[in-house]
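For reference, the structure is listed below as structure tokens.
The values are calculated or read from the model by the stated rules, or taken from the named source; none is laboratory data. Being a predicted model, the structure only gives us computed values, none of them experimental. Here the Cβ positions follow ideal geometry from the backbone for every residue, glycine too, while neighbour counts run over all protein chains shown.
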Amino acid sequence: MKEKRILIIVNFFPPGGGGGVYRPLSFVKYLARSSWGVTVLTPRPGEFWISDRGLEDQIPDNVSVIRTFSLSASRFLNALGKKNKHDQSKRSTGGFELLRRFGEFALFPDTYVGWAPFAYRAALKLCREKDFDIILSTSPPDSTHIPAGRLSRKYDIPWVVDFRDPWISLYLRNPVTAFHRMLNQKMERRAAAADRVLVTTDWQRDKLLELYPACRVEKIANGYEEEDFEGLEDINPDPARFTILHTGMLTLGRRSKSFLEGVSLFLGRREEAAGLLNVIFAGARESVNDEWVKELGLEKIVVFKDNIPHSECVRLEKRSHVLLLIKHDDTRYHGLVPGKLYEYIGAARPILAVVPEGEAKEIVLRLKRGETAAVNNPEDIAAKLEIMFDLYKRGALDKNYSLEEVPEYSRRVEAGRLDQLLSEVVEKR
């Protein structure tokens, strides 16, 4: 079979870390194992404030990774932060918000746009050297689609857009001016006219079709990486401590306050739990989360861990009794499903999902994977903690929930669908 060639343009890629890395990395890995010759175009390390060098080991040897210079504002701020701060897992809530709002006003469509011209120049050179069959660009950041779209039009190469999240400045952030909104809408419309558009949720698919009826949109959920959990089958939680774990970022409006208030209420009712409960937050966070722990007197119960390699993260998930999911308290996020939920499903541990009505809640309930509680309701959270704690004390926690594998959410299966979709696009051209 003739090898097909794909150029993948992605801003967040190993050794960068964080939730935005895992989906593109899995796509790259599985496509390279199939009938695709994969070239990845990405910035040099330092574009994002979180790194995980261990993820580089997952990039297949037959993948060509081209790393370019970048002048993004985010890179500058990250470099500045590293010079002035030792804790790269925590950032000032107020200070970061101020800088972000300034960046949204001065830079368009996002603070990573300074990579776009360098990406485009490198992509032009690659297209002169290789005859690509298709281009795939993935966001956020949304500026990643700028060089991909220009390249597709110049060389008439099929273009597939992957929206891991909706267009940030239209759906998840308020545009700073009407002019900014107009420009963002124009850019989203251009991306929606690509040969195929990939989304991760039903809500996002329906929204794009409502705005752009001709959009050729397909849903490919984030999924979980089966290989992350290979060899971890014998890892189990310590029965002596009731451990609740949250992994991932507590940033951009995703905060722990309601959950911590729920923990405080729960401990007030169940004094015996104080010596058994162990709550761990592993990953990047904004400083206000630490302040809430102190205000509620939970220092002996709640522990914050700095960013840890993803390989350690999944081990920690397997050693925990309950995996905590927290979603944003904002109607704009109700239709989104955090990628972390799928990883929790892969870890095969009970889930406590502090989420609003929407697809994330529906998945947890449909799979009978755990309990759900309203985002802004500490009473509800405390009640669900009591249910899971009582099950833990009776030794019935795992038996009460369905923890089987869910093949439909495997990234291997999802990448197979992507392989088929890309091949269909190429053949139709």
**Message:** Is it the case, given these coordinates, that residue 139 is farther than 26 Å from residue 177 by Cβ, at pLDDT 95 or above and either within 22 Å of the chain's Cα centre (by Cα) or assigned by TED's automatic domain parsing to the domain that holds residue 167 (or both)?
**Reply:** no
**Prompt:** Any idea how many residues of the stretch 285-308 are surrounded by fewer than 19 Cβ atoms within 10 Å (Cβ to Cβ) and out of contact with any helix residue (DSSP H, G or I) (no Cβ under 7 Å at 6 or more places or on another chain)?
**Reply:** 10
**Message:** Between 341, 365, which is assigned by TED's automatic domain parsing to the domain that holds residue 260, over 17 Å from residue 247 (Cβ atoms), within 23 Å of the chain's Cα centre (by Cα) and part of a helix (DSSP H, G or I)?
**Reply:** 365
**Prompt:** Taking into account only those residues within the stretch 385-429 that are aromatic (Phe, Trp, Tyr) and touching a Phe, Trp or Tyr at 6+ places or on another chain (Cβ under 9 Å), which is nearest to residue 373 (Cα to Cα)?
**Reply:** 389
**Message:** Tell me the residue from 424, 379 that is more than 20 Å from the chain's Cα centre (by Cα), in contact (Cβ under 8 Å) with a residue 40 or more places away in the chain and surrounded by fewer than 21 Cβ atoms within 10 Å (Cβ to Cβ), please.
**Reply:** 379
**Item:** Single condition residue 246 does not satisfy, out of (1) modelled with pLDDT of 95 or more; (2) over 26 Å from residue 349 (Cβ atoms)
**Value:** (2)
**Message:** Would you confirm, using the coordinates I've provided, whether residue 261 is assigned to a loop (DSSP other than H, G, I, E, B), assigned by TED's automatic domain parsing to the domain that holds residue 358, at pLDDT 95 or above and over 23 Å from the mean Cα position of the chain (by Cα)?
**Reply:** no
**Prompt:** Using beta carbons and a limit of 6 Å, which pairs, at least six apart or on different chains, have the first residue in the stretch 52-68 and surrounded by 14 or more Cβ atoms within 10 Å (Cβ to Cβ) and the second one of a type in the set (Phe, Trp, Tyr)?
**Reply:** 68/118
**Prompt:** Is it true that residue 210 is charged (D, E, K, R), free of Cβ contacts under 8 Å to residues at least 60 places away in the same chain, assigned by TED's automatic domain parsing to the domain that holds residue 23 and farther than 30 Å from residue 373 by Cβ?
**Reply:** yes
**Prompt:** Among the residues of the stretch 196-216 satisfying the criterion of being over 15 Å from residue 170 (Cα atoms) and of a type in the set (A, V, I, L, M), which is farthest from the chain's Cα centre (by Cα)?
**Reply:** 214
**Asked** Can you tell me which of 247, 251 is surrounded by 21 or more Cβ atoms within 10 Å (Cβ to Cβ) and either assigned by TED's automatic domain parsing to the domain that holds residue 391 or over 16 Å from residue 382 (Cα atoms) (or both)?
**Response** 247
